[in-house]
1. Quick check: with the 1.4 Å probe, what order do Val99, Val151, Val65 take by accessible area, largest first?
2. For the stretch 80-173, state which trypsin sites (Lys or Arg not before Pro) are in a DSSP loop and have at most 14 other beta carbons lying within 10 Å of their beta carbon.
3. Size of the stretch 31-112 along its principal axes in angstrom, Cα-based, largest extent first?
4. What does the charge dipole of the chain about its Cα centre add up to, to the nearest 20 debye, if the Cβ of each Lys and Arg holds +1 and the Cβ of each Asp and Glu holds -1?
5. I'd like to check one number: the per residue accessible area of the chain, probe 1.4 Å, reported in Å² as a whole number.
6. Top to bottom by accessible area (1.4 Å), largest first, where do Glu42, Glu95, Glu103 land?
7. In the stretch 63-161, what is the volume of the convex hull around the alpha carbon atoms, normalised per residue and reported in Å³?
8. Can you give the Kirkwood hydrodynamic radius of the chain from its Cα pairs, in Å with one decimal?
Amino acid sequence: MRIETERLLLRPHTIEDFDALRTMIRDPEVMRHITSIVPSDEDVWNRLLRYIGHWTAFGFGIFAVVERETGRTIGGAGFADFRRDLGEAFSASPEGAWVFAKEAHGRGIASEATQAMHAWFDAQPFGGRSVCIINPDNAPSRTLAGKLGYVETGPTQYHDETILTFERLRPRA
């Protein structure tokens, strides 16, 4: 499974993505709206294996986002079943998710990658409704979600923090 855009390659993660993933999710600036917990190597490894396993278990997952020009993995974006226990309505659909290394920030990389992943998702037989969560203070992600067609469905508590939930329906052809 590969998606190519003008500047990016989106592909399932591989074991070789460990170092890039570790660097990205240990960066406090990248993770400031997601968590303040610095993950151990074991945590990063388990996340990577979860990303890889989604493709086998569900036929969708989180893509590694690779800069075509440099070959660097600069983010992750895709769909997952994270079992967040946020209620039946939320859990009934794949969860859209994205995170990008700071060298990708401000360059339109997130927009390019997430538009491509949603176009792919919409073309799949299982495509349709997706959901996501965003920290209320994460204005860039909230703006991006709006551009992708997500509509806020309300605040909820997740890990003792208030987060916002969103849903997106497949656009009509």
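1. Values: Val99 20, Val151 90, Val65 0 Å².
From most exposed to least exposed: Val151, Val99, Val65.
2. Numbers: sites: Arg83, Arg84, Lys102, Arg107, Arg129, Arg142, Lys147, Arg168, Arg172; in loops: Arg83, Arg84, Arg107, Arg129, Arg172.
When the trypsin sites (Lys or Arg not before Pro) of the stretch 80-173 are filtered for loop state and at most 14 Cβ neighbours within 10 Å, Arg83, Arg107, Arg129, Arg172 remain.
3. That works out to 40, 27, 23 Å along the principal axes.
4. So the magnitude is around 480 debye.
5. For the chain, the solvent-accessible area averages 54 Å² per residue.
6. Solvent-accessible surface, decreasing: Glu42, Glu103, Glu95.
7. Per residue, the Cα convex hull of the stretch 63-161 comes to 113 Å³.
8. Values: mean 1/r = 0.0613 Å⁻¹.
About 16.3 Å, per the Kirkwood formula over Cα pairs.
The values are calculated or read from the model by the stated rules, or taken from the named source; none is laboratory data. Small disclaimer: the values here were computed from a predicted structure and weren't measured. Methodologically, a virtual Cβ is constructed for each residue, glycine included, from the backbone with ideal geometry; neighbour enumeration extends over all protein chains shown. All accessible areas refer to the heavy atoms of the entire protein, side chains included, with ligands and DNA or RNA removed. Shrake-Rupley method; radii C 1.70, N 1.55, O 1.52, S 1.80 Å.
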